Amino acid sequence: MASVKIKFKASSLPEHEGTIYYQILHERKQRQLYSDYHVFPTEWDDNRSMVITTHSSERKSLILSIRERIRWDLERLNKIIRKLNNDGITYTADDIIEEFNRHVNEYSLFNFMESLIIKLKQNGKIRTAETYISTLNSFKKFRRGEDIMLDCLNSDLMEAYEAWHRQRGLTPNTISFYTRILRAVYNRAVEDEIIENRNPFRHVYTGVDKTVKRALPLSAIKKIKALDLSLIPELDYARDMFMMSFMLRGMSFIDMAYLRKTDLANGYVTYRRRKTGQQLIIEWTKEMQMILDKYPENSSDYLLPIIRNKGVNDRTTYRNVGYNINHNLKRIAMKAGISIPLTLYVARHSWASVAKAKGIPLSVISEGMGHDSETTTQIYLASLDTSVVDRANSIILKSL
């Protein structure tokens, strides 16, 4: 059976760091696997084959980190040896090194996440891929660009990642967003039998706190609608998109951006929510048409003046336009004397809030917004006539 020993090779230059390597012995043949870990001769104990440090050393944290990584490497090498033995096939020391390097290349956290991101994009799950990219970039910043093996993720590391976010001023929900994505990646590796589940997320928060919703009363919506923004085109446009979202029963901006001209027919807009796939039908009113008529018809296939041109990156355009709108909505809020940060999402929640204030049943509001989080409610609403929701929307729009 193969064996592994930890060795230290001193530098040929005086007062320079040497290199930690692993000596792999199998069937009387010896091979070396060099690591990226470098220490000074005084930080190596040859009798115990381990790195050492003192409490007063400035490199204490580095040495302890190297010690931990050596432990992980040994664990991985011995796991590979056990697997090769259990497979019952002839192997060499070179095979052990090759398998170890393959694990490093394929099963590091960064590489594994990047492979998942590619698969998500190939399957058309662009939004999910973007959340993975955001989380990967966040973790890279936390690690200062240093990759880590999947089986090296542990509870202490996750707690440190959570604390790092708190120090940067992130809210619990935002921190939980990142840790939930990492947990999903970790669980995928467990399902694929790449690693064993050591439950590294058991001491970090992965829930979702209830947040204070930012909804405007009808009086504030009226103020926004009544503003004279004719001399400030960028604000006028931002206000139009805000009002269009409100009029379309709080339609999310991504659904607005991807509405196609063919979705409007016979006085109704028919579309599927990109978040849930649920189909919604909304009556197209004269107020909506008045906003649309202010802008030249798009050369693209989209209905609203958001993604206006063909041959552009639709998703990049949608995100850039949304960013500019939200930026300009802050300026509109100041003009209207509104204290809360005004965003496109506020239009969505405001529609629900105003509907509730008008005495419209919760079931109708839920149907109108295409919510699917309340399973029981959705089952109950499955056969609700869309005209009921259109009448609810008509009541709101007449109040403007």
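Structure notes:
- Residue count for the range 243-268, restricted to those that are without any contact (Cβ under 8 Å) to a residue 24 or more places away in the chain and either open to solvent by less than 40 Å² (accessible area, probe 1.4 Å) or not hydroxyl-bearing (Ser, Thr, Tyr) (or both): 4
- Residue ID - farthest from Asp263 (Cα to Cα), chosen from residues in the range 293-316 that are touching a residue at least 40 places away in the same chain (Cβ under 8 Å) and within 28 Å of the chain's Cα centre (by Cα): Arg315
- The set of residues in the range 108-154 that are without any contact (Cβ under 8 Å) to a residue 12 or more places away in the chain and over 13 Å from the mean Cα position of the chain (by Cα) comprises Ser115, Ile118, Lys119, Lys121, Gln122, Asn123, Gly124, Lys141, Arg143, Arg144, Gly145, Glu146.
- For the range 350-359, the candidate set comprises residues that are open to solvent by less than 20 Å² (accessible area, probe 1.4 Å) and not aromatic (Phe, Trp, Tyr); within that set, the residue that is nearest to Leu280 (Cα to Cα) is Ala352.
- Residues that are of a type in the set (D, E, K, R) and either open to solvent by 60 Å² or more (accessible area, probe 1.4 Å) or in contact with a Pro (Cβ under 7 Å, 6 or more places away or on another chain) (or both), drawn from the range 29-59: Lys29, Arg31, Asp36, Asp46, Arg48, Glu58
- For the range 5-28, filtered to residues that are surrounded by 14 or more Cβ atoms within 10 Å (Cβ to Cβ) and of a type in the set (Ser, Thr, Tyr), the residue that is nearest to Asp95 (Cα to Cα) is Tyr22.
- Test: residue in the range 332-348 that is of a type in the set (Gly, Ala, Ser), under 22 Å from Asn393 (Cβ atoms), touching a residue at least 12 places away in the same chain (Cβ under 8 Å) and open to solvent by less than 30 Å² (accessible area, probe 1.4 Å): yes
The values are calculated or read from the model by the stated rules, or taken from the named source; none is laboratory data. Please read these numbers as outputs of a predicted model, since none were measured by experiment. Every residue, glycine as well, gets a Cβ built from its backbone with ideal geometry; the counts of neighbours run over all protein chains shown. What goes into the accessible areas is simple: the full protein's heavy atoms, side chains included, and nothing from ligands, DNA or RNA. Shrake-Rupley method; radii C 1.70, N 1.55, O 1.52, S 1.80 Å.
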